[in-house]
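Below is one structure, written out as structure tokens; the observations come after it.
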Amino acid sequence: MPRPPIDVRLLEESYERALDRDSDFPRLFYDILFHEHPSVEKLFRRNSMDAQRKMFGQTLVAIVDHLDDEPWLKATLEPLGHGHVAYGVTPEMYDVMADALIRALSEVNGADWRPEHHTAWAAAFDYIVALMRAGEPGGGADPAKQGGGGIT
Ligand code: HEM
């Protein structure tokens, strides 16, 4: 799956700035996600939220570091996507999650956030999600799993 054009520096600088300004950073992202979609919070029941924030943040940084390394991305993201089916994650949850993460990043970046950051993160998410969903049974193309009825 060829990588779409993404300015990786924009991802790195905005994520680093978010961590500099809010050492707890991914917390704001989960707060927005759970506030807007309370049903999603119930899926997070295996790990403590502290551990989850750490795993998510470290994985996201590693993915950004490897955006030009397709074999690494495939080897990492397909099994991750496969595992997320078992967690109860549905395709539309990826959209609300991308939205919450981009909003959290823009809030913490404040005046330093530019439209190019939004474009870069949205493109990165599309790519990451496509790679994760390729690990789902049916390669993410199973129509029975599409549009699972909305999220509360
Ligand atoms: C960029 C996309 C995503 C990344 C990089 C990511 C990363 C991770 C990682 C590293 C874990 C730890 C366990 C494991 O390795 O499987 C995890 C678990 C989990 N993720 Fe994700 N995730 C993503 C998208 C999502 C989305 C969209 C949802 C749902 C809204 C979600 C819900 C969960 C749940 C429910 C768990 C299990 C946690 C628990 O039960 O306590 N993830 N994710």
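Worth a mention:
- Among the numbered conditions (1) surrounded by 12 or more Cβ atoms within 10 Å (Cβ to Cβ); (2) farther than 16 Å from Met132 by Cα, the only one that Thr76 does not meet is (2).
- Unmet requirement for Pro71, which otherwise passes all of (1) modelled with pLDDT of 95 or more; (2) within 13 Å of the ligand (Cβ to nearest atom): (2)
- Residue within segment 116-130 that is more than 17 Å from the chain's Cα centre (by Cα) and at pLDDT 95 or above present: yes
- Meets criteria (closer than 25 Å to Pro79 by Cβ, assigned to a helix (DSSP H, G or I), more than 10 Å from the ligand (Cβ to nearest atom) and not hydrophobic (A, V, I, L, M, F, W, C)) for Glu12: yes
- Residues in segment 96-117 that are without any contact (Cβ under 8 Å) to a residue 60 or more places away in the chain and either under 22 Å from Lys74 (Cβ atoms) or buried (at least 16 other Cβ atoms within 10 Å of the Cβ) (or both): Ala98, Asp99, Ile102, Ser106.
- Number of residues in segment 15-42 that are more than 15 Å from the ligand (Cβ to nearest atom) and among the polar types (S, T, N, Q): the value is 1.
- Ala120 passes every criterion in (1) more than 9 Å from the ligand (Cβ to nearest atom); (2) closer than 23 Å to Met1 by Cα; (3) free of Cβ contacts under 8 Å to residues at least 24 places away in the same chain apart from (3).
- Hits in segment 23-64 - residues which are over 19 Å from Asp99 (Cα atoms) and surrounded by 13 or more Cβ atoms within 10 Å (Cβ to Cβ): Met49, Lys54
The values are calculated or read from the model by the stated rules, or taken from the named source; none is laboratory data. Just so it is clear, the model here is predicted, and its values are computed rather than measured. In this analysis, Cβ positions are derived from the backbone assuming ideal geometry, glycine residues included, and neighbour counts consider all displayed protein chains.
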